[in-house]
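K.L.:
This is the structure I want to talk about, given as structure tokens.
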Amino acid sequence: MYILIFFLAHWFLSLFCQTFFLHRYGAHKMFTMNKPWERFFYLFTFITQGSSFLNPRAYAILHRMHHEYSDTEKDPHSPMFFKDIWQMTMHTKDIYLNYAKYNVEPEEKFRGGYPEWRIMDKITDMWVVRLLFAAAYILFYVKFATAWWMFALLPIHFFMGPIHGAIVNWCGHKYGYSNYDNKDHSKNTLPIDIIMLGEFFQNNHHKKPNDVNFAQRKFELDPSYFVIKVLGWMRIIKLNKA
């Protein structure tokens, strides 16, 4: 039971931080928040993603490129050009590292507006930090696992952030239905997206990239949107006018 609770908590907290902080805030600026709250959510994303923490700057740049060049050869993670999800992920990783390590400057139109915290960027990217998180996951499983097969879940914990991204980018451009003709292969994989907290509404999102609610039709449900509305009501964030 402890393992199941831990796995689900890690899956959904990490996923929420990715869609809320990295995607909707960092890449698209669908809402604003003051600097202390930005620092808080940066740290919260770091804690929940742990060993697989994704640099907000690099995430935002790649995602903006993905919208600009959706399903073309310049798209950093379109499944249209790869035989499997692993090949696509490795290609994305190489591009991501260039921006995460500040080795390459992006085009002007992809710059700025994303959370930057240079000191934390360096700390979160240290291998010793990532290994400490991995060690903590292993120790938790050693303490609470009641069957050998549970240890097979550990690699998911180690690479949680990239796994979420790979699933969304692969499935969201290959499987599902379309509400709009976006001149790309974006799909809505699930009409009620509990699994990926709204990220599976790729077709809707590509049509309306600045709409904080990824669900567009009456039968569609984006769980993250309701949490974001509550955060807005609490004045932790300020939603931009649609």
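K.L.:
Specify the residue with the greatest mean-square fluctuation among L153, L15, L197, computed from a Gaussian network of the chain linking alpha-carbon atoms under 10 Å apart.
P.N.:
L153
K.L.:
Counting pairs of alpha carbon atoms under 8 Å apart in space and at least six apart in sequence, what relative contact order in percent does the chain give?
P.N.:
Contact order relative to length: 23 percent.
K.L.:
Quick one: V128, V227, fewest Cβ neighbours within 10 Å first, how do they rank?
P.N.:
So the ranking, lowest neighbour count to highest, is V128, V227.
K.L.:
Let me have the 222 nm mean residue ellipticity of the chain computed from DSSP H runs of 4+ only, each contributing -39500 (n - 2.57), with the sum over all residues rounded to the nearest 500.
P.N.:
-15000 deg cm²/dmol
K.L.:
Just rank C171, C17, fewest to most, by other beta-carbon atoms within 10 angstrom.
P.N.:
C171, C17
K.L.:
Quick check: residue separation of A147 and D84 times 0.36 nm, minus the Cα distance between them. What number comes out in nm?
P.N.:
That works out to 19.6 nm of additional length.
K.L.:
Residue separation times 0.36 nm, minus the C-alpha to C-alpha distance between F6 and L139: what's the value?
P.N.:
46.6 nm
K.L.:
List every DSSP H helix in the chain whose Cα atoms extend 15 Å or more along the helix's own long axis and whose mean Kyte-Doolittle hydropathy is at least 1.6.
P.N.:
Flagged H segments are 2-17, 127-144.
K.L.:
By count of other Cβ within 10 Å, fewest leading, how are E105, E220 ordered?
P.N.:
Lowest to highest Cβ neighbour count: E105, E220.
K.L.:
I need the shape label for region 2-239. Rule: rounded when a/c is under 1.5, else prolate if a/b > b/c, else oblate, with a, b, c from the alpha carbon gyration tensor.
P.N.:
It is rounded, given that a/c, with a ≥ b ≥ c, falls under 1.5.
K.L.:
Quick check on my link table: of K143/K174; K187/K241; K83/K122; K83/K218; K93/K143; K207/K229, which ones sit more than 31 Å apart, alpha carbon to alpha carbon?
P.N.:
Flagged as over cut-off: K143/K174; K83/K122; K83/K218; K93/K143.
Every number in this text was worked out from the coordinates using simple rules, so none of it is lab data. Owing to the predicted nature of the structure, the values given are computational and were not obtained by experimental measurement. With ideal geometry, Cβ positions are generated from the backbone for all residues, glycine too; neighbour counts draw on all protein chains shown.
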